[in-house]
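For reference, the structure is listed below as structure tokens.
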Amino acid sequence: MKRILALLLCVTMAFGMTACGASNSDASSGSDASAAPAASGAGSGSKKIAYAIPGLTGPIWNAAGEGFKKQAEEFGWEATIIDPNDNLENQISMVQNAMSTGIDGLVITPIDGQAVAPLMSELESSKIPVVAIDRQVQGTSLATVEADNSKIGKEMGEMFIKSLGNEKGKVLIVGGPLSSSATVNRTEGFKLAIKGHDNIEIVGESATEFDNEVALAAVSNYLQANPDINCIFSCTDSLLPSIMTALEEGHKLAPVGEKGHVFVYSVDGDGYGLTQVVNGSIDATYGLDPYEWAASAVKALKDSFDGKTVEKSILISGRIVTKDNFEKLKADGVLWGADSMKK
């Protein structure tokens, strides 16, 4: 009996030592794995992020989405595009759904920067950092990446002043809703440029939805009520089709440089806007850089995850595109909308 008990004791001790050895080996292996260097550009590890665009109907958001996914891929992150199809309620609910399934960070171009304030509070409570693109949000956000919209409006206004000379100017400003900070700042920049020029008068400011039927009706009404309008400043190329249709229906679509031409300046640099510039139908569009917007937003999230300081305002430059400089800018590869121009 003693021999049997001794043998059992030896077997038990041997098994215990083997188990401890296996446990220590596993712990050591786990330690090595956690200490292994992260993949190049991965920062604090793999992340799951989403970008809530206004809608894929806007070509500029397609371009921004590509920049977002490419930069996330370089960091080894999982990236998702949220497309609410230009519906505010959809955008809010789809972001909330993404939160429930799990995201580490959010990039958003709000359809309405003020209406998403409660959503921003939810994200803040969930400790999910947010970077806004092109339009500022009401509430807490890590940063806003955008063009210098006041400067854009001012530069376009200065271009109009130079082209107009000493003639009288009657201006219609067309923009998206006033909840869009881009619309507000571009408008204010344009007005600042023409301030003090007694020969220029703003006859109307049409802040509409990003809806071509609504914009067409508004511009047509202004042209009928003010037949002497000779300049239209559009805060976005997405409203240009409506503006061009209204001018055509009002028999005011004379080419640049010809008698009766209505000066038209716009902002974005999408395929339609660039086509109108090259065709000589409008004077200029301001080419933005949505690829870099989105890439910078993802980089801002990475800096936040890595514990680095993030600038609250990140401004991305662009350029005025005219018929004269189009070919050079296209050759330089800085016109995001060139690939979608009409042949």
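Classified by the C-alpha gyration tensor, region 185-225 has an oblate form. Its axis ratio a/c, with a ≥ b ≥ c, is 1.5 or above, and a/b does not exceed b/c. Placing a label point 7 Å from the Cα of E188 along the Cα-to-Cβ direction, the residues of region 232-256 whose backbone N falls under 20 Å from that point are 233-236.
Past 27 Å, Cα to Cα, is the threshold; run K162/K330; K48/K308; K151/K259; K195/K312; K70/K323; K191/K328 against it and keep the listed order. Violating the 27 Å Cα-Cα cut-off are K151/K259; K195/K312; K70/K323; K191/K328.
Across region 313-328, computed HN-Hα scalar couplings (Karplus, 6.51 cos²θ - 1.76 cosθ + 1.60, θ = phi - 60°) run 10, 10, 9, 10, 6, x, 7, 6, 10, 10, 5, 6, 9, 4, 4, 5 Hz from first to last residue, x flagging Gly and Pro. Shown here for region 104-180: GluC sites (Glu not before Pro) in loop regions (DSSP other than H, G, I, E, B) with at most 14 other Cβ atoms within 10 Å, namely E167. Summarising the overall dimensions of region 185-310 from its C-alpha atoms, the Rg and Dmax are 17.8, 59 angstrom.
Using only alpha-carbon positions in region 34-176, the gyration tensor eigenvalues give semi-axes of 35, 19, 14 Å once each is multiplied by 5 and square-rooted (largest first). Would you mind checking the tilt of helix 149-164 against the longest principal axis of the Cα atoms of the chain, expressed as 0 to 90 degrees and rounded to 10? Relative to the chain, helix 149-164 is tipped by roughly 20 degrees. Compute log10 of I(q)/I(0) for region 108-257 with the Debye formula, placing one identical point scatterer on every Cα and leaving out solvent, at q = 0.14, 0.15, 0.20, 0.21 Å⁻¹, to two decimals. These q points yield log10 I(q)/I(0) values of -0.72, -0.80, -1.19, -1.27. The base-10 log of I(q)/I(0) for region 129-199, evaluated at q = 0.18 Å⁻¹, reads -0.71 [Debye formula, identical scatterers on Cα atoms, solvent excluded]. GNM on the chain, alpha-carbon springs under 10 angstrom: the most fluctuating residue among S179, S100, S281 is S100. Computed over the alpha-carbon atoms, the chain gives an Rg to Rh ratio of 1.23, Rh here being the Kirkwood radius from the mean inverse distance.
On the protein heavy atoms, probe 1.4 angstrom, tell me the percent of accessible surface of region 99-240 carried by carbon and sulfur. Carbon plus sulfur share of accessible area: 47 percent. Rolling a 1.4 Å probe over the protein heavy atoms gives the chain an accessible area of 49 Å² per residue.
The values are calculated or read from the model by the stated rules, or taken from the named source; none is laboratory data. Just so it is clear, the structure is predicted and the values come from calculations on it, not from any experiment. All Cβ positions, even for glycine, are placed from backbone atoms using ideal geometry, and neighbour counts span all protein chains on display. When the accessible area is computed, the model is the full protein with side chains, heavy atoms only, and any ligands, DNA or RNA have been set aside. Shrake-Rupley method; radii C 1.70, N 1.55, O 1.52, S 1.80 Å.
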